[in-house]
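Novice: Input: one structure, supplied below.
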Amino acid sequence: MIQKVFSLFCAILVTHGVLAQADLTINPSITSPTSACYMTSTETITATLVNTSAFPYSGTVEMGYVLDNNPPVTQNQTIGFLPASGTFIYSFPVPDDFSSCDTHYLKIWVYDASDPNNANDTINTYVLSDCDPVTGWITGADTVCMGNNSGEVTLNGYVGNVEQWGVSFDNGSTWSYVANTDTFLVYSNVSQVTTFQAIVGSKFGLCPSDTTGPYNLYLHQLSDGGTLTPDFDICDNGNGGNVWTSGYTGNVLNWMLSTNSGGSWIPLSNSADTISYTNLTATTWWQVIVKNGSCPADTAGPIIATLIPGTAPGTITGPTVVCNFENSDQLVASGGNGTVIGWNVSTDSGATWNPTTDTDSIFDFTGLQTSSWFQAVWQLGSCPIETANHPITVLPVTNNITPDTTIEEGDAINLNACCGNSYLWWPDQFMDDPTSPTPIVDPDADITYFVQITTIEGCKDTARIVVTVNPDLTTLLIPNLFTPNGDGYNDQWEIGNIQAFTNNNLTIFNIYGQVVYDAEPYNNEWEGTYNGKPLPDGTYFYLIRLNDPFYPDPIQGVITIAGND
C-alpha cells in the first residue's frame, strides 16, 4: 500500500514537471583513482553524482569524461530514483590508463537535457601518477691536490627532487647528512678521500626516496717529473729512438726541446711518457712537464743527445766485366768511417739484396752466370750502416733478346738477339737463317727456340725464346645438320679443327632449355643421344666455350638432328 502511494506521488510530480527541475552535478572529489605511486593502465574512474536540488530525480543521464588529451568517453546511466540532496556513485565500466608518471588531467560531466542548470554539470580535476625517482649520477673533480682544493660535486640526470646530501670519510661505512636541496654540494680544503651521495625523492613525493651511487673524491700527491733516460750520443748519418721518463707522479702534459743547450725551449705536443726522435741533425736537449691533478706541475730534465760523426762508406775496387761461368776474382772494400761488417749481392740491379757469409773487406767470387751488383756494408759502433755498390757485368748480355711472344697461326715473326759477335739458333725448324741475330720464323705450333751468343771477347751464353701459336679460329667449321642413323656417314656431329682448342666445352639444349649433352673437352663424339638413347629429330641449340684467352666469347648456334626417327 505504501509503494502504491509513493508511485502515485511520483506520477503527480512528473505530471506537474517537478522532476525535471532536479539540478544534477558532480562532486569535485572523485572516489577513484587516487594519486599514488605506480598507478596501472587499468584504473577505474569513479565519481559521485549529486542532486543539489530540493526535488528527487529519476531518468537517464549521459556520464562522460576526457583523460588528458584523449578522445572523450561517454556512457548512458539510468537512475531509478535520486532523492533531493542525494548522491549516486558511478563507475565507468571500462578502466583507463594512468600508468605514465605525470599529472593526469580529468574532466568529468553529467548531462541531462532537462537539467535546469548545466553550468555546474562538469568538474575538472587531476590525479598524480608517481614513479620511483631516478637518482642520476654525481660528477665533479676526480681528484684534488691534498690540502689545497675547493670545488663542488653536481647531481646530473636525476628525476625527482633533491632532499639532502650525504658525506662519508670512511668509504661509505658511516654517513653524515647535509640539509641541502641544491643540485650541487660545495667542498673546500679536503684532506682525505671523501665519498658523496645524494638522496632523491620522487616527483610528487608518493614513492619511496632513493640514494645515488657513491662518488669518491680522491687526493693527488705532489707532481713529480720522474727519472729520465740517461744522456747518450747520436750519429750524424742517421739516428732514431725514444727517450722517456719513469717513476713519475701525475700526467705528462708535454715535452720541451732545445737545440741551443737550453737557451730556448720549443714545446712539443706529446703527452706520453715516451717521445720518439729520428734523424736529428744537432745536439738536442729534452725536458718533460708532469702535472698531478690540480697540484702544481713539475719539470724534469734535461736529457742530452750529443751529435757525433757516424758511419761513412768507402770505395770498392775490382773487375766490372767478366765472362759467363769463366770467371774468378775478388772485390776489395777500403776507406770510409767504420769497418766492413758484410757483403750483399743483387741480381736485379739493386731492387732486392741477399746477404752473403763474407764479413771482412775482401769478397771472393767465381763462376758468375748473371750480371750482379755487389754491396759492401760499413758500420761504426751502433750508428746506422752505410753501403757502397759495385756492379759486375757477365758477358754476353742477353737481356735484349726477343721476349716470349704469341703469334697467330700462319704469321711470321723476327727473333732478335743482341750484343754478340756470332749466333747459333736451334732448332732451325721454320727458320730462315739459324746464324743470323734476327732470323725469321713462322711455326705452325708452339715452339721454344734457343740461341748461343758468342761475344768478341769469346764469352758464350745461351738464351731461350718461347713462341706460342694461336690457332686460326676461322678454320673452326661447325655443321648445322647431322644424321645419326647408323649408316656410317655423318653419324657424329663433327666440328672441324675443334681439337686445336683443348680446353673447349660444349653444351647442347633442347627447345625447352634442358641440357641434353655436355662435354669438356668435346672431341666430335656426340651421336645425337641423351642418356644413351637417340634424341628425336628436330632443332637443338649449342653453346661452345673455347676457354682461350684470345677467343673469350662463347659461340652459339642451332644444330638439326635428322634420321633418328
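Novice: Restricting to the range 371-380, give me the number of residues that are touching a residue at least 40 places away in the same chain (Cβ under 8 Å) and either surrounded by fewer than 21 Cβ atoms within 10 Å (Cβ to Cβ) or farther than 23 Å from ASP461 by Cβ (or both). Give the steps one after another, and end with the answer.
Specialist: Our first condition is that a residue be touching a residue at least 40 places away in the same chain (Cβ under 8 Å); within the range 371-380, this holds for 374, 376, 378-380.
Next, from what is left, pick out any that are either surrounded by fewer than 21 Cβ atoms within 10 Å (Cβ to Cβ) or farther than 23 Å from ASP461 by Cβ (or both): 376, 378-380.
Residues that pass the stated criteria total 4.
Novice: On to the next question. Among the residues of the range 91-139, which ones are assigned to a loop (DSSP other than H, G, I, E, B), under 58 Å from the mean Cα position of the chain (by Cα) and among the acidic types (Asp, Glu)?
Specialist: Residues satisfying the conditions are ASP97, ASP132.
Novice: Please determine, by comparing only the residues of the range 291-335 that are in contact with an Asp or Glu (Cβ under 7 Å, 6 or more places away or on another chain) and outside any strand (DSSP E or B), which one is surrounded by the most Cβ atoms within 10 Å (Cβ to Cβ).
Specialist: THR311
Novice: If you don't mind, there's one more thing I want to ask. State all residues of the range 475-513 that are aromatic (Phe, Trp, Tyr) and either over 17 Å from VAL558 (Cα atoms) or part of a strand (DSSP E or B) (or both); if no residue qualifies, say none.
Specialist: PHE482, TYR489, PHE501, PHE509
Novice: What's the number of the condition PRO521 fails, among (1) without any contact (Cβ under 8 Å) to a residue 40 or more places away in the chain; (2) in contact with a Phe, Trp or Tyr (Cβ under 8 Å, 6 or more places away or on another chain); (3) not in a loop (DSSP other than H, G, I, E, B); (4) not small (Gly, Ala, Ser)?
Specialist: With respect to (1) without any contact (Cβ under 8 Å) to a residue 40 or more places away in the chain; (2) in contact with a Phe, Trp or Tyr (Cβ under 8 Å, 6 or more places away or on another chain); (3) not in a loop (DSSP other than H, G, I, E, B); (4) not small (Gly, Ala, Ser), PRO521 is out only on (3).
Novice: Does THR359 count as within 19 Å of CYS383 (Cα to Cα), in a loop (DSSP other than H, G, I, E, B) and of a type in the set (S, T, N, Q)?
Specialist: The answer is yes for THR359.
Results for (1) small (Gly, Ala, Ser); (2) modelled with pLDDT of 95 or more; (3) more than 19 Å from ILE478 (Cβ to Cβ), shown as yes or no for each residue.
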site: ILE498; (1), (2), (3): no, no, no
site: PHE501; (1), (2), (3): no, no, no
site: THR507; (1), (2), (3): no, yes, no
site: GLY513; (1), (2), (3): yes, no, yes
site: GLU527; (1), (2), (3): no, no, no
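Novice: Collect the residues in the range 145-158 that are at pLDDT below 95 and either part of a loop (DSSP other than H, G, I, E, B) or β-branched (Val, Ile, Thr) (or both), keeping them in residue-number order. It would help to see each step written out before you state the result.
Specialist: We begin by selecting, within the range 145-158, every residue at pLDDT below 95; these are 145-151.
MET146, GLY147, ASN148, ASN149 - these are the residues of the range 145-158 that are at pLDDT below 95 and either part of a loop (DSSP other than H, G, I, E, B) or β-branched (Val, Ile, Thr) (or both).
Novice: Here is a further query. Just to be sure before I move on: is ASN414 closer than 30 Å to LYS460 by Cβ, assigned by TED's automatic domain parsing to the domain that holds ILE447, surrounded by fewer than 17 Cβ atoms within 10 Å (Cβ to Cβ) and at pLDDT 90 or above in the structure I sent?
Specialist: It is true that ASN414 is closer than 30 Å to LYS460 by Cβ, assigned by TED's automatic domain parsing to the domain that holds ILE447, surrounded by fewer than 17 Cβ atoms within 10 Å (Cβ to Cβ) and at pLDDT 90 or above.
Novice: VAL162: farther than 16 Å from GLN192 by Cα, surrounded by 19 or more Cβ atoms within 10 Å (Cβ to Cβ), assigned by TED's automatic domain parsing to the domain that holds VAL200 and not polar (S, T, N, Q), yes or no?
Specialist: Yes: the conditions hold for VAL162.
Novice: Condition first: among the hydrophobic types (A, V, I, L, M, F, W, C), at pLDDT 95 or above and not in a loop (DSSP other than H, G, I, E, B). Can you find one or more residues in the range 258-268 that meet it?
Specialist: Yes, there is a match, as at least one residue in the range 258-268 is among the hydrophobic types (A, V, I, L, M, F, W, C), at pLDDT 95 or above and not in a loop (DSSP other than H, G, I, E, B).
Novice: Would you mind finding the one in THR356, THR370, THR387 that is touching a Gly at 6+ places or on another chain (Cβ under 8 Å) and outside the structural domain of PRO443 (by TED's automatic domain parsing)? Can you show your working first?
Specialist: Values: THR370 fails: touching a Gly at 6+ places or on another chain (Cβ under 8 Å); THR387 fails: touching a Gly at 6+ places or on another chain (Cβ under 8 Å).
On inspection, the qualifying residue turns out to be THR356.
Novice: Pick out the one residue from GLY172, GLY205 that is surrounded by fewer than 17 Cβ atoms within 10 Å (Cβ to Cβ), at pLDDT below 95 and under 18 Å from THR139 (Cα atoms).
Specialist: Testing whether each residue is surrounded by fewer than 17 Cβ atoms within 10 Å (Cβ to Cβ), at pLDDT below 95 and under 18 Å from THR139 (Cα atoms) leaves just GLY172.
Novice: Is the range 92-111 home to any residue that is in contact (Cβ under 8 Å) with a residue 24 or more places away in the chain and over 24 Å from LEU128 (Cβ atoms)?
Specialist: Within the range 92-111, one or more residues are in contact (Cβ under 8 Å) with a residue 24 or more places away in the chain and over 24 Å from LEU128 (Cβ atoms).
The values are calculated or read from the model by the stated rules, or taken from the named source; none is laboratory data. Computed from a predicted model, the values in this text were never measured in an experiment. Neighbour counts are summed over all protein chains in view; Cβ atoms, including those assigned to glycine, are modelled from backbone coordinates with ideal geometry.
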